[in-house]
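What follows draws every value from the coordinates through simple rules; no lab data is involved. Everything quoted here is computed from the prediction, not taken from an experiment. Quick reminder, even Gly has a Cβ in these numbers, built from the backbone with ideal geometry, and neighbours come from all protein chains shown.
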Amino acid sequence: MGYKILITAPTLADRAMAMLDELEATVFTIPDGAPDSLIYDIASREQVDGIIVRIGEIDAKVIDASANLRVLSKNGIGVDNVDLEHATRKGIPVVNGRNSNSQSVAEHALGMMIALLKDFRRLDSSVRNGNWEKATYHAIKL
């Protein structure tokens with residue numbers, strides 16, 4: 001019998017889902033927009049062995065919901081939505097994907113810097129309102 005794994009999102013990357021399939025894990029997922037209470041409901045009803053955290057709060061109530069819970073794995077870096085103190089008290093390791101999305105974060109940061117320098121937000125709003133500021137707009141050169 002395989003592990004019971006709860007993913008707090010509709011899915012993971014294809015390779016990650018294939019790995020869970022290779023382990024013959026029974027996988028439960030949370031649909032987009034579902035309330036956080038569904039995480040507790042599934043963890044409690046299914047007595048999951050692990051939770052792969054993407055979204056939603058993993059508080060003491062969720063951690064206590066399954067007597068079989070062995071690990072919490074954050075799909076990403078930040079674990080601010082996991083009650084680390086409670087998990088530690090219960091001896092449940094919390095792991096994350098250090099550097100797993102550092103390139104995406106760097107790309108996003110650069111994109112936001114360019115958007116600020118070029119004033120994209122205001123210009124987008126202006127164009128959507130029918131204005132074209134070609135003659136008056138003075139961009140900051142990179």
Filtering region 74-118 down to residues that are over 20 Å from the mean Cα position of the chain (by Cα) and either on the phi > 0 side of the Ramachandran plot or hydroxyl-bearing (Ser, Thr, Tyr) (or both) yields Thr88, Gly91
Spot the failing condition for Ile42; the list is (1) in a loop (DSSP other than H, G, I, E, B); (2) closer than 22 Å to Thr11 by Cβ, and only one is missed. (1)
Does region 95-114 include one or more residues that are under 28 Å from Ile30 (Cβ atoms) and either of a type in the set (Val, Ile, Thr) or in contact with a Leu (Cβ under 7 Å, 6 or more places away or on another chain) (or both)? yes
Within region 72-94, count every residue that is of a type in the set (A, V, I, L, M, F, W, C), in contact with a Lys or Arg (Cβ under 9 Å, 6 or more places away or on another chain) and within 17 Å of Ala9 (Cα to Cα). 2
Run down His108, His138 and say which single residue is loosely packed, with under 11 Cβ neighbours inside 10 Å and not hydroxyl-bearing (Ser, Thr, Tyr). His138
